[in-house]
Amino acid sequence: MENFVKGESGSVDEDRTPAPLSESGPTNSLNSSQSLSSYVSSELSTGGIDKEPIALNDYKSENEDNGYLESIKRKSPDISRKRSNTPTLKGGRRLSSLHSRGSLDEELSRQVSRYSVRDIYGDMNENNIQLQRTKSRSTILTTLSNRVQNAQIDAEMDKDDAEANSAYQETGFYEKTPDISVPVLDFGGEFNSIDPELVTWEGKDDPKYPRNWSQSEKLFQLFIVSLYTLVSPMSSSMLSPAMQQIGEDLGMRTPFIAAFTVSIMILAFAIGPLMIAPLSESDNFGRRTVLNASIWIIFVFNLACAFATTTAQLCIFRFLGGLGGCAALNVGAGTLADLFSNDERQVAMAAYSLCPSLGPVISPLVAGFIIENKSWHWVFYVLAIFNGAVAVFGTIFFKETYSPKLLKRKAQKLRKETGNNHLHTIFEIADGETAWEKFSGTIRRPLVLLCTHPMVIGLGSFMAFVYGFLYLMIVTFPDVYTNSYGFSVGISGLMYIPLGVGSTIGVVFWTIAIDKVYYRMAAKNGGVAKPEYRLPCLCFSGIGVPVGLIWYGWSAQNHLHWIMPSIGSALFSFSVVAVFQTIQNYLIDMNNRFAASSVAAAAVFRSVFGFAFPLFADKMYDRLDYGWGNTMCAFIALALGIPFPVFCIMYGERLRNWSNRRMDSKQAKKDARNLARLQAINEIEDTKPTY
């Protein structure tokens, strides 16, 4: 096999061109009748190929990662990408690419030349090229198999052993792995020295990697995603002030039907993520395709609502629109993870979360004045106009941010430009799941987490409760301010402004407070941050939410000046922001590999509550009135918002590790099964004769 030219340190010298393999081949040359597998066996028996399993215990920490990658290089097949005689800098970037920042096209053309068959393999014959490809793939699959086996061993240590739990916190692999389909680091970049035809990012500083985009570009993409996210909650609550007129025109006989018509879109928000999330995490679709398709779907059905002639038609159109609109509420968080690092995410999440908070406030405010001057159909016309403008703007300017999709696109372009059809991404060679397994698994996992993971259940229940009561408020505001205070429909729409003011102030205040607490606690822990450090501010919202509910309820029941219930609703929405920011970030931090599933589980939970709460609002207030009805809900919020978050802060790490180990063990078994399937396919390919 080819030999690397090595320096004194023994590391690969990429500045030197590897000597081409002679036509006679290696020690045991491959003849035309000999299969690749028998040839590899022959090489193993004579020591031509290193048969010792690659050591994989070095993925535990950032410093150890370097040793792990070096061990891979030492044990990798003797082949590397042939590069031009240009010095390289740290991170694998060529010095020539840094001589001039002027032309990105010139840098691209230099990159393309490295991927052609001739530049990679020189004058090696076809049989030996095929052998190298098989050997490279086999090494990668073996490495990943050993990795998931070690992860499984770690996860299945004595789960009742406190020391084992503590050790697992430091070594758990899946907690540090991105939420992608293959358990790799750097999207496969760790295997660059093993597989010369592997398409990855060009080092950590690759300008095409979304996290390396300019700050202005990332903020622009964040703005577009936030606009997408604004449309969905606006659509869910836009018709609330118009329900009396809609009910009269369409023959809605009970308040329950009217409330059901408003909240059915929230039911779609609960079901949609389970079907749409798998598409956004596929390298066949990515974020852009899913988000752009969803914004046009909700546009079509928002417009269709204006032409509904029966209650059934209106409900169906709103439900189908909700299936489209839910994508932005869930896939948007994944887009943020694509663009921003963990350190930047809190501020980005705060800006992103402002739109879902303001959406339910803006739309009833606008709708109130529309319904005073036009028919209820114009509520949907105006909504569709805004929705359509956002859809056109996003379709033109929104960029793909999902790395597996971008790398696949890069590989396709390189295959076309170089004529080398064997170029591939790590996801094309190491993702052993079938399309159905991936789809069903992505649907099943959030439901399993929702039913079995104590953190998702405990923290998600508080988030679901406050989200449900938020929509209960939205549905009942018109009745409170038109009947109790005698306001017109338009003026009663202005009473949604305090909710928006509370949310806006809350985003600014809680973003600063949560970050300050998080970093202060991390500093006290020797600079090591833990997900539980996100939660102290949640306890304050556990007090603020009940206070806001009681203040609003008794003020409305006793017909105090309108400013009093407005203050109560503002306190409530101010506290709700902390609930969402702390819990969303905690669910992402607690296990990177399952971040999307954890967030989807919480989304399903809260959307079910958001759908159900408006349905019983009328009955609850008829029997308990606003004072005692809100007081009862305040005590429930107090029970959900204080005890379990305090428990999580004090003992949550051990409970989280216990749950993560169960999840990681199952995922490791699944990954091992998929990799074994790929290895079996690879062995079959080995046995095919090469001519």
The set of residues whose placed amide H lies less than 5 Å from the amide H of Met124, leaving out same-chain residues fewer than 5 positions away, is Leu21
Per DSSP, the loop-located chymotrypsin sites (Phe, Trp or Tyr not before Pro) within the stretch 303-348 having at most 15 other beta carbons within 10 Å are Phe307
Cβ density ranking, 10 Å radius, fewest first, applied to Glu197, Glu344 yields Glu344, Glu197
In Å, the Kirkwood hydrodynamic radius from C-alpha pairs for the stretch 441-568 sits at 17.4
Per residue, the convex hull enclosing the alpha carbons of the stretch 503-607 has a volume in Å³ of 99
Quick note, the stretch 594-683: a/c under 1.5 would make it rounded; otherwise a/b > b/c is prolate and the rest oblate (a ≥ b ≥ c, C-alpha gyration tensor); here it is oblate
One finds, for Ile153 and Trp658 with R0 = 25 angstrom and r their Cβ-Cβ distance, a FRET efficiency to the nearest 0.05 of 0.90
Which of Lys135/Lys405; Lys208/Lys408; Lys438/Lys530; Lys135/Lys204; Lys204/Lys408 exceed 21 Å between C-alpha atoms? The answer is Lys135/Lys405; Lys438/Lys530; Lys135/Lys204
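Sort 671-680, 562-571, 323-332 for me by packing, meaning the mean count of neighbouring Cβ atoms within 10 Å per residue, highest on top.
Details: 671-680: 17.8, 562-571: 21.2, 323-332: 25.9.
The most tightly packed comes first, giving 323-332, 562-571, 671-680.
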With 0.36 nm assigned to each residue of separation and the Cα-Cα distance removed, Ser440 to Met632 gains 65.2 nm
Relative to the compact-globule estimate 2.2 N^0.38 Å (N residues), the Cα gyration radius of the stretch 364-487 stands at a ratio of 1.78
Unit-weight point scatterers at every alpha-carbon of the stretch 222-308, Debye formula, q = 0.11, 0.12 1/Å: log10 I(q)/I(0) is -0.39, -0.46
If each part is reduced to its alpha-carbon centroid, the stretch 562-605 and the stretch 532-557 end up apart, in Å, by 13
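Since every read-out is calculated from the coordinates, none of them should be taken as a lab result. This structure is a prediction, so every number in the text was calculated from the model and none was measured. All Cβ positions, even for glycine, are placed from backbone atoms using ideal geometry, and neighbour counts span all protein chains on display.
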